[in-house]
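Notes for the one structure printed next.
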Amino acid sequence: MGKDKKPKEREIKYWQAISEAHVQSMERNERVFIMGIGVDDPKGIFGTTLEAYKKFGKKRVFDTPVAENTMTGCAIGAALAGMRPVMVHARNDFMYYCMDQLCNHAAKWHHMFGGLMTVPITVRAIVGRGWGQGSQHSQSLQALFSHVPGLKVVMPSTPYSVKGLLMASIEGDSPVIFVEHRRLYDYAGPVPEGPYTLPIGKGAVVRMGKDATVAAISYAVWDAIKAAVALKEEGGIDVEVIDLRSLKPLDEELILNSVKKTGRLVVADTGWKSYGASAEISALVAEKAFEYLKAPIQRVALPDISAPTSVTLEKVFYPGAMDIISAVRQIVQKGGEKSVPLFESSLTAKTVYEREFSSLAQEKEFLGPF
Amino acid sequence: MKKKDPSLKSIPANVLRDMYYMIVKIRKEGERIAELYPEQEMRCPIHLSIGQEAVAVGVCANLRKDDYVFSSHRCHAHYLAKGGELRRLVAELYGKKTGCAGGVGGSMHLAAPEVGFMGASSIVAGTIPIAMGTALASVMQGSDRVSVTFFGDAAVEEGTFHETLNFASLKSLPVIFVCENNLYATHSHLLARQPTNNIFERGESHRVPGVCVDGNDLLAIYQAAKEAVDRCRRGQGPFLIECKTYRWREHVGPYYDYDLGYRSKEELEKWMARCPVSIYEKVLLENGILSRKDVSTIAKEVGEKMEEAVRFAKESPFPDEAELLKDVY
Ligand SMILES: Cc1ncc(C[n+]2csc(CCOP(=O)(O)OP(=O)(O)O)c2C)c(N)n1
Ligand SMILES: [Mg+2]
């Protein structure tokens, strides 16, 4: 990046921003390397590792056996010995195999030995949603990892934040679980050309509003924005949208300040509702800003089941902008309509919304490839 | 009936014919699904077994209905060979209520417990220890059932494969590990992931005997599996069978993929020339077990059954939205 010039920006896609973060991190620090199943294959994890492989070759970008737990241990060892490994999983689901190395080892090594050592590993893992990915290829496991002390959990929603946060994760000294959403890969946005980092633990207000706060992560941020636009056009409801960017650490101040202003909160997450990130954030607000709340907190997250494959079930399984709209309506509408369980209400709300806001509902359907 | 080939002597003619019918049926299923998939009505990732069918058929022909079988993401052949219903398979791919898993599972998660097909997992190596668990139960229940798990060459890279061999051997459990070594995991060649191509030997230090067979030779697989099954039924413990074979189509999806560059068209053609269906058909014709007329009758019948299954699947209803929260604790 030139010192005197304004950093150059151009529109690139989410996956390209990841690729750029890899290449620039590897240029900056020769100890950074990438390993994982398929990182050097012709498809290069949906394109994200192709450029790095081309530039740095097999020594720094290499395929691994299908042995997630062991290879995670291997990454931890390499990190202890001075390297900065980036591990890539094509799905979150495969990380269950490495829960032991991630949670018992990577997460513990720094604290358990009184801060003697650090484990600077970055573990990228993609959430696969849609096209019948089903129970074992679509999970969004951020809450699980956020539960374990010693790991950072990052979930960027835009090309700009994914690049800055990935570079920060690779540069930082802590283990980071870096959760990407497959549906965001083709989303484009402005991204500076040169290297930059964003602070892990800082969220951003992506749309200002005064009537209600929607705190969201990852793909849910886009749903929240769509909902906010629709609510404004429809009935002048002003929704503030927060992109949390990371769950661990969590930008508590940002959430609390917004709720203190609006008095209403909807949390939108890509994971399960039960015991999930949305539960943690709701608890935080109930503990620290209860007196500011004008209505019950609402949560828009996955129902308490595994992802079905059939298209009809998949459609109702995933919440979307319509569900956020109905959640906001429930707490903003005066007269206090009796609230119905979110899941039931979302089914009926969808049809109403589709008629009223067809242009927003016309998002291109995800047809792969996977 | 004349039986020239000595390897055919020990196998009853009806078994030979049933295996032929089955391998033709499985091939037909794969090819028809590949044709239909681009219509985008089967909305789930599909891993086809075209080129690898002999393994499923040769192994399952030795099993009883009450024996257990488990599989992986590439599971259609195993489901059918164990006796799973064709139309319920196709309906599952279409996400229909009438599918074998009610449309919830999809292509990678077929199941037919009524015929001992206990399920397929899309997590590599996921069902290896589970198959062993059913073998443990059989022993505890005093039954002589046998358990089989089918997996790919990448599954042996997971720790659980080795942990399972250890315990299965320790307890002499009646479980057969069948590895379909098709040389690739997605786009990654076996030798990019393992130091040598010798999967059948991986059981040695655990005292699990193994054999390596031509995975495109149905009769060789049948014989190897027969020995393994007999051993298991006699309580002599686990067995590992490596079948060297080849996937013709792309890792996931209906198309050919040599244009990607990770494998060559020549390599594919070499394997296609050794088509497991043609090889077996030739043996049966030469030995008078089947006539040309039988071959065309079977082809016709299998084709009709497949069309009937597709029609059934397409006409079946989708699961009800209200069923989303079914089967949750
Ligand atoms: C634990 C786990 N890691 C990674 C994957 C992604 N994946 C799906 S299929 C596959 C390759 C499997 O290769 P192999 O076992 O040889 O079976 P094949 O596809 O060749 O039949 C991989 C790595 C997965 N499904 N599960
Ligand atoms: Mg393979």
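Here are some notes:
- A:THR213, A:THR158, ranked by accessible area, largest first (probe 1.4 Å): A:THR158, A:THR213
- Taking only the C-alpha atoms of segment B:26-150, Rg followed by Dmax gives 14.2, 49 Å.
- Computed FRET value (nearest 0.05) for A:LYS58 with A:VAL205, which takes r as the C-beta separation and R₀ as 35 Å: 0.20
- Chain B against chain A buries an accessible area of about 3000 Å², both chains summed, 1.4 Å probe radius.
- For segment A:89-208, pairs of C-alpha atoms spaced more than 25 angstrom apart make up 27 percent of the total.
- Chain A, relative contact order [Cα under 8 Å, separation at least 6], %: 15
- The contact residues of segment B:294-323, meaning those that lose at least 20 Å² of 1.4 Å-probe accessible area when all protein chains sit together rather than their chain alone, are B:PHE318, B:PRO319, B:GLU321.
- FRET E, pair B:LYS265, B:GLU31, Förster distance 25 Å, beta-carbon r, rounded to 0.05: 0.85
- Set B:LYS226/B:LYS300; B:LYS244/B:LYS270; B:LYS28/B:LYS82; B:LYS9/B:LYS82; A:LYS108/A:LYS248 screened for pairs whose C-alpha atoms are more than 22 Å apart: B:LYS226/B:LYS300; B:LYS9/B:LYS82
- Per residue value of the accessible surface for the protein assembly as shown (all protein chains in place, 1.4 Å probe), Å²: 41
- Beyond 36 Å, the tail of the calculated P(r) for chain A holds 21 percent of the Cα pairs.
- Here the relative contact order of chain B, from alpha carbon pairs under 8 Å that lie six or more residues apart, stands at 24 percent.
- Unit Cα scatterers, Debye sum, chain B: log10 I(q)/I(0) for q = 0.07, 0.15 Å⁻¹: -0.27, -1.29
- Scaling against 2.2 N^0.38 Å puts the C-alpha radius of gyration of segment A:54-157 at 1.12.
- Distance cut-off 50 Å, percentage of C-alpha pairs in the protein assembly as shown lying past it: 18
- Restricting the calculation to Cα atoms, segment A:9-192 shows an Rg/Rh of 0.94 when the hydrodynamic-style radius is the Kirkwood one.
- Across segment A:197-209, computed HN-Hα scalar couplings (Karplus, 6.51 cos²θ - 1.76 cosθ + 1.60, θ = phi - 60°) run 10, 10, x, 6, x, 10, x, 9, 7, 9, 7, 8, x Hz from first to last residue, x flagging Gly and Pro.
- Distance from the alpha carbon centroid of segment A:184-220 to that of segment B:36-65 works out to 43 angstrom.
- Inverse mean reciprocal Cα-Cα distance (Kirkwood Rh) of segment B:1-91, Å: 14.4
- Shielding score for A:299-311, defined as the mean number of other chain Cβ atoms within 10 Å: 6
- Separation of segment B:146-188 from segment B:234-265 is 14 Å, based on Cα centroids.
- Using the average count of surrounding beta-carbon atoms within 10 Å as a protection proxy, the listed peptides A:26-32, B:220-226, A:13-19, B:295-301 rank, highest first, as A:13-19, B:220-226, A:26-32, B:295-301.
- Share of carbon and sulfur in the accessible heavy-atom surface of chain A [1.4 Å probe, %]: 55
- Kirkwood Rh, Cα atoms: Rg over Rh of segment B:114-183: 0.96
- Label-point gap, in nm, between A:GLU11 and B:VAL295 - each point 7 angstrom along Cα→Cβ: 5.9
- Projecting label points 7 angstrom from Cα along Cα→Cβ for B:GLU39 and B:ALA322 puts them 2.9 nm apart.
- Overall size of segment B:238-329 from C-alpha positions, given as principal axis extents largest first: 55, 40, 39 Å.
- Value of D in µm² per second that Stokes-Einstein yields for segment A:23-95, Kirkwood Rh from Cα pairs, at 20 °C (1.002 mPa s): 174
- Dipole check for the protein assembly as shown: with +1 at the C-beta of Lys and Arg, -1 at the C-beta of Asp and Glu, and the Cα centre as origin, the magnitude is about 480 Debye.
- Residues with amide H under 5 Å from that of A:ILE34, placed H, sequence gap 5 or more: A:VAL61, A:PHE62, A:VAL86
- Pair-distance profile P(r), taking every C-alpha pair of segment A:221-301, with 5 angstrom steps and integer %: 3, 15, 25, 27, 20, 8, 2, 0
The values are calculated or read from the model by the stated rules, or taken from the named source; none is laboratory data. This is a predicted model, so every value here is computed, not measured. Ideal geometry is used to build each Cβ from the backbone, glycine not excepted, and the neighbour counts take in all protein chains shown. Note: areas computed on protein heavy atoms with side chains; ligands, DNA, RNA excluded. Shrake-Rupley method; radii C 1.70, N 1.55, O 1.52, S 1.80 Å.
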